[in-house]
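Step one of this worksheet: look at the structure below.
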Amino acid sequence: MTSLPVLPNAVARRHFLDRHGLARRPSGTGHSADLRAVVDQLGFVQLDSINTVARAHHMILHARRQQYRQPALAPALYSNRGAFEHWTHDASLISMQFFPHWRHQMARDAVKLQNQWKNWRREGFEQKFDAVLRRISDHGPVCSAEVGADEARSSGGWWDWHPSKTALEYLWRTGELSVCHRQGFRKYYDLTERVIPPEQLNARPPLEETIDWACNSALDRLGFATSTEIADFWALATKAEAKAWCVQEQAAGRIVALEIKAADGSKRASFARPDLLDAPPAEPPGLIRILSPFDPALRDRNRAERLFGFHYRIEIFVPEAKRKYGYYVFPVMEGANIIGRIDMACDSKTATLHVRAFWSEPRVRMGKARLAKLNTALERSARLAEATQITFEKDWLR
C-alpha cells in the first residue's frame with residue numbers, strides 16, 4: 001500500500017495561518033475597501049454578543065488590522081453593502097459576493113426551522129409573518145423591540161422570544177428579510193430586496209454549483225481539510241455532498257490526499273491542492289496577537305488542538321467554582337505558536353483595561369522580551385476598546 005505524503009506540523013501551521021490572514025503583519029487602514037478585503041479573504045466573521053473587551057467580530061478584524069477601530073465596521077460592511085448577515089456554523093458577517101449561494105440554505109431552513117421552532121419557541125409565530133412583513137414594507141426597518149407590542153414578554157431567558165420576534169428571525173433565516181444595520185448589537189431588519197444589491201439578489205445558482213463553490217472555497221481557506229471539515233466550514237454542503245465532491249475532485253487530479261502531522265506527532269489524512277506540498281509557507285511575524293475565542297483560526301477547537309497543541313474550551317457556561325481559567329479568556333498567539341491565554345476585561349466607565357491573569361502554555365518562558373511584546377499587544381487591545389489605562393493584578397505583567 002502506497003503511503004501518503006506527509007505535511008510537517010510546522011509547515012501545516014504556517015499554511016493554515018496564512019489562509020487565515022495571520023501570517024502577515026497586521027498593517028493596513030482597517031476601513032473601507034481594506035476592511036472588506038479582510039472579510040473577503042476570511043469569507044465570514046463570526047458575530048457574538050459577549051463584550052468583555054470588544055465583541056468577537058471587532059477582535060477578529062483587529063487581529064489582522066491594527067488600525068481597525070469599531071466605528072469603521074458599519075460604513076464598510078453595512079452602509080456600503082460589503083457583507084450580509086446570515087448563518088454559517090453560527091451567526092456571521094459574510095462577504096456580500098457570496099449571498100447567492102445562501103439561497104439553498106434559506107430554502108432548507110424554511111422547512112427545518114418551522115418544524116423545530118414549533119417545539120421550542122412560543123406558539124403562533126407563523127401567524128405573525130404577514131403583519132411583520134406589512135409593517136416593514138410600509139414603515140421601514142424594525143428591531144425585535146418594535147414589533148409585537150401586544151405580546152407578553154417573558155423573563156424565561158434570552159431564548160424565550162415573543163411570537164413576532166420569532167417571526168422576524170424566521171423571515172431573516174429564510175430570506176424574506178435581511179439585517180440592514182445594527183444599533184449597538186441590536187439587529188434591524190428590512191425587506192431583502194432593499195438590502196441586497198441586485199447583482200447578488202437576482203442570481204440563482206443551481207444547487208450543484210453552490211456545492212462545488214462551497215467545497216472549493218472552504219478548501220482554499222483551510223489549506224488542507226477532511227471532507228467533514230470542508231462541509232463544516234460554511235455549513236452549506238452536507239457531509240455526504242462534501243465527501244462526494246472530494247472523491248470527484250481527487251479522481252480529476254484537482255486535489256490530492258496527504259497526511260497532516262499534528263503537534264503531538266500523530267497524523268491525520270486530509271485533502272489539499274496538489275501544489276501545497278511544494279509551496280513554501282509564509283513565516284508569521286514574531287509579534288504577539290490577542291485573539292478572540294471565536295477567531296476563524298480557532299473556531300474548530302479540535303483542529304486548533306491538533307495543529308497547535310492548544311486545548312481551549314470557553315467557560316462562560318461553566319459555574320464559576322468549576323472554571324479552570326475564567327469566564328471569557330483570550331488565546332494569545334506569538335508568530336506561529338499559541339503561547340498562553342489571558343483573562344482581561346474593559347471597564348467602560350473608567351476607560352480601564354483590567355488584566356486579571358495570564359497563563360503561559362507548558363514550556364513557554366515569559367522572559368523580558370516576550371513580556372514586552374505582550375504589553376504591546378495589551379496596549380493595542382486597549383486602544384480597540386477605547387481604554388486609556390491598563391491595570392494588572394500581577395506585578396510581573398507590568
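The values are calculated or read from the model by the stated rules, or taken from the named source; none is laboratory data. In this text, all values refer to a predicted model and were calculated from it rather than measured experimentally. Positions of Cβ are backbone-derived with ideal geometry, glycine not excepted, and every protein chain shown enters the neighbour counts. Keep in mind that these areas ignore ligands, DNA and RNA; they rest on the heavy atoms of the full protein, side chains included. Shrake-Rupley method; radii C 1.70, N 1.55, O 1.52, S 1.80 Å.
Would you mind finding the one in 203, 218, 214 that is under 19 Å from residue 85 (Cα atoms) and outside any helix (DSSP H, G or I)?
203
All but one of (1) small (Gly, Ala, Ser); (2) closer than 30 Å to residue 277 by Cβ; (3) in contact (Cβ under 8 Å) with a residue 12 or more places away in the chain hold for residue 137; state the number of the condition that does not hold.
Looking at each condition in turn, residue 137 falls short on (2).
Limited to the stretch 61-86, what total is found for residues that are buried (at least 21 other Cβ atoms within 10 Å of the Cβ) and either in a helix (DSSP H, G or I) or on the phi > 0 side of the Ramachandran plot (or both)?
Residues meeting the conditions: 7.
Being of a type in the set (D, E, K, R) and in a helix (DSSP H, G or I) is the filter here; which residues of the stretch 221-257 pass it?
221, 229, 232, 239, 241, 243, 249
What pairs come up if the first residue lies in the stretch 368-388 and is among the basic types (Lys, Arg), the second is open to solvent by 60 Å² or more (accessible area, probe 1.4 Å), and their beta carbons are under 9 Å apart, counting only those six or more places apart or on different chains?
Within 9 Å, the pairs are 383/69.
Please verify whether residue 275 is charged (D, E, K, R) and under 20 Å from residue 8 (Cβ atoms), treating the condition exactly as stated.
Yes, satisfied.
On the basis of being open to solvent by 90 Å² or more (accessible area, probe 1.4 Å), of a type outside the set (Lys, Arg) and under 23 Å from residue 60 (Cβ atoms), does residue 393 make the cut?
So residue 393 fails the test.
Among all residue pairs at least 6 apart or on different chains, which show Cβ distances below 7 Å where the first residue, located in the stretch 202-220, is among the β-branched types (Val, Ile, Thr) and the second is assigned to a loop (DSSP other than H, G, I, E, B)?
210/236; 211/237
Out of 37, 23, 56, I need the residue that is free of Cβ contacts under 8 Å to residues at least 24 places away in the same chain and not hydroxyl-bearing (Ser, Thr, Tyr). Which one?
37
Could you tell me whether any residue of the stretch 3-11 is of a type outside the set (A, V, I, L, M), in a loop (DSSP other than H, G, I, E, B) and in contact with a helix residue (DSSP H, G or I) (Cβ under 8 Å, 6 or more places away or on another chain)?
No: the stretch 3-11 contains no residue that is of a type outside the set (A, V, I, L, M), in a loop (DSSP other than H, G, I, E, B) and in contact with a helix residue (DSSP H, G or I) (Cβ under 8 Å, 6 or more places away or on another chain).
Answer yes if at least one residue in the stretch 377-390 is open to solvent by less than 20 Å² (accessible area, probe 1.4 Å), assigned to a strand (DSSP E or B) and closer than 27 Å to residue 25 by Cα, and no otherwise.
There is no residue in the stretch 377-390 that is open to solvent by less than 20 Å² (accessible area, probe 1.4 Å), assigned to a strand (DSSP E or B) and closer than 27 Å to residue 25 by Cα.
Looking at the stretch 24-55, which of its residues are more than 17 Å from the chain's Cα centre (by Cα), under 15 Å from residue 81 (Cα atoms) and not hydroxyl-bearing (Ser, Thr, Tyr)?
31, 33, 34
With exposed (fewer than 14 other Cβ atoms within 10 Å of the Cβ) and closer than 23 Å to residue 377 by Cα as the only criterion, which of 25, 13 stands out?
So the residue among 25, 13 that is exposed (fewer than 14 other Cβ atoms within 10 Å of the Cβ) and closer than 23 Å to residue 377 by Cα is 25.
Confirm whether residue 228 is exposed (fewer than 15 other Cβ atoms within 10 Å of the Cβ) and touching a helix residue (DSSP H, G or I) at 6+ places or on another chain (Cβ under 9 Å).
For residue 228, the condition - exposed (fewer than 15 other Cβ atoms within 10 Å of the Cβ) and touching a helix residue (DSSP H, G or I) at 6+ places or on another chain (Cβ under 9 Å) - is met.
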